[in-house]
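Student: First the structure, then my questions, so here it is.
The values are calculated or read from the model by the stated rules, or taken from the named source; none is laboratory data. Every value quoted in this text rests on a predicted model; they were computed, and no experiment measured them. Note that we place each Cβ from the backbone using ideal geometry, even for glycine, and neighbour counts take in every protein chain shown. Please note that ligands, DNA and RNA were not included when accessible areas were found on the heavy atoms of the full protein model with its side chains. Shrake-Rupley method; radii C 1.70, N 1.55, O 1.52, S 1.80 Å.
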Amino acid sequence: MNKLVALIVSFALSGGIAAQDSLNVSLLFHWMDTTIVPSSAFNNTYNEIWGVTVDGREYAIIGSTDGTHFFDITDPMNVDTVAFVAGADDGTNIVHRDYHDYNGYLYAVCDEGPSTLQIIDMSFLPDSVVVVYDSDSLFARSHNIFIDEAKARLYTCAGNGNNGIRVFSLTDPENPVELVNFSTPSIVHDIFVRNDTAFANVSDTGLFIYDMSNISSPQLIGFRLSFPDTVYNHSGWLNGDGSVYILAEETHGRNLKVCDVSNTASITVLSEININSSEPNSIAHNLIIQGDFLYVSSYYDGLQIYNISDPSNPVKVGYYDTYSLANFKSYKGAWGVYPLLPSGLVLVSDMQTGLYVFDVSVATAIVVEEATFKSSSLIYPNPAADKLTIRSEKMLSENALISIYDRLGKLVKQIHPTGAGMLEFSVDISNLSDGFYILQITDDDSTIAHKILKSSN
């Protein structure tokens, strides 16, 4: 079933950055502060991004070499900087910060310097925030934290020689208490936890899944040591029903792995996602799944959005490149992504250019047809070998545009139908390779998207 969606043209710039290469994503707000010194390692001023809702208002939170910055983005066209918390350490040696919130508190960590665990009370927003805990007594550094909210437990991995996983109770949110500290086959770079099931991205070893219901005795319930072309298991996220886990490798030229974890004892790879087929050194960093969509922060390629309603056939539906330079050999550009705010706004942090707030409603309104590929009353035949006939439901204007994107989001064909007021016209696809494509019809006030199959057989 195809869906007519409003083409939302809501675009604003702030902070002096020019428009970037994008598809179905609009920039609403951008912030960067050129007075903050970048790191000496990767020339990155900024790192992790997070989002929270407090008393019905939405906030973006971004880390920098200085500390933690809070922005009220309830009205993304009129954003206020509302608070700043200095890091326990700051300056050119700072690369990583990480965040997670629970019960009105933000938990903040850093993986460099003489740092601390900071617990920040956000209940006074938008007026202020209050640091209620700032100590290295539990740990000084952490690379990644994750909170299992249903169990009120904070997980931390890497940093300070932590080669495994440490878990802390947040029963008293201002005073964490350590519950367990256990070893893993190698350093856990990142972790995702839901309802006592922990998915550990164990760097150069693989994916390990633990049952944490008996917190004093975690049980390994599944693992996979190798994936196609696996080099480094960096981070991952679980979908809503717990059947699919997608992981990124933070390795140049490696694909995202879409894994079936419905049976943790037998993890299989359903598909792979190549972020940028035209650049062999493209590199994905972090990702979050929300509903049927995968949101990826890919260093040099920026925000990438995929429809994963069929996890065996992910389809790119939108992107916005936050890093304009073509340097694919280091680690620069989009660091983090946060798509979990109630409004649907998506936040991205770019290591060099700061905070971005995006409207992705056009991308997420595109409905990818079910894989039956039956002929449509609007586009036929489908599948097609050489020519598609398109019958519009309404008269097209002289501004109408037909665009065809491959399954990775690359524009492969674009035409203007000849003659305003047309209801039916043809598109030559004979020069396209066999496979799946997204055909998008854009007019003055609407966008219609269809999934099509080019088949020479």
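Student: Could you list, ordered by first residue, the pairs with Cβ atoms under 7 Å in which the first is in the range 343-354 and at positive phi and in a loop (DSSP other than H, G, I, E, B) and the second is at pLDDT below 95 and open to solvent by 10 Å² or more (accessible area, probe 1.4 Å), at least 6 apart or interchain?
Tutor: From residues that are at positive phi and in a loop (DSSP other than H, G, I, E, B), the pairs are Gly344/Ser361.
Student: Just one of Ser271, Ser262 is among the polar types (S, T, N, Q), surrounded by 14 or more Cβ atoms within 10 Å (Cβ to Cβ) and either modelled with pLDDT of 95 or more or in a strand (DSSP E or B) (or both); which is it?
Tutor: Ser271
Student: For the range 158-181, give me each residue that is open to solvent by 30 Å² or more (accessible area, probe 1.4 Å) and modelled with pLDDT under 95.
Tutor: Asn160, Gly161, Asn163, listed by residue number.
Student: With the requirement that a residue be of a type in the set (A, V, I, L, M) and not in a strand (DSSP E or B), what does the range 278-310 give you?
Tutor: Once the filter is applied, which keeps residues that are of a type in the set (A, V, I, L, M) and not in a strand (DSSP E or B), the range 278-310 yields Ile283, Ile308.
Student: When only residues in the range 364-393 that are at pLDDT below 70 and closer than 26 Å to Ser22 by Cβ count, which is most open to solvent (accessible area, probe 1.4 Å)?
Tutor: Val367
Student: Six or more apart or on different chains, Cβ under 7 Å: which pairs go from a residue in the range 325-338 that's without any contact (Cβ under 8 Å) to a residue 40 or more places away in the chain to one that's assigned to a strand (DSSP E or B)? Could you list them?
Tutor: Qualifying pairs under 7 Å: Gly333/Gly302; Gly333/Asp350.
Student: Among the residues of the range 194-229, write down those that are among the small types (Gly, Ala, Ser), crowded, with 17+ Cβ neighbours inside 10 Å and either free of Cβ contacts under 8 Å to residues at least 12 places away in the same chain or closer than 25 Å to Tyr102 by Cβ (or both).
Tutor: Ala198, Ala200
Student: Which number in (1) touching a residue at least 60 places away in the same chain (Cβ under 8 Å); (2) outside any loop (DSSP other than H, G, I, E, B); (3) open to solvent by less than 30 Å² (accessible area, probe 1.4 Å); (4) not charged (D, E, K, R) marks the one condition that Tyr319 misses?
Tutor: (3)
Student: Moving on. Can you pull out every residue in the range 78-130 that is among the aliphatic types (A, V, I, L, M), under 23 Å from Asn43 (Cβ atoms) and in contact (Cβ under 8 Å) with a residue 40 or more places away in the chain?
Tutor: Within the range 78-130, Ala88, Ile94, Val95, Ala108, Val109 meet the criteria.
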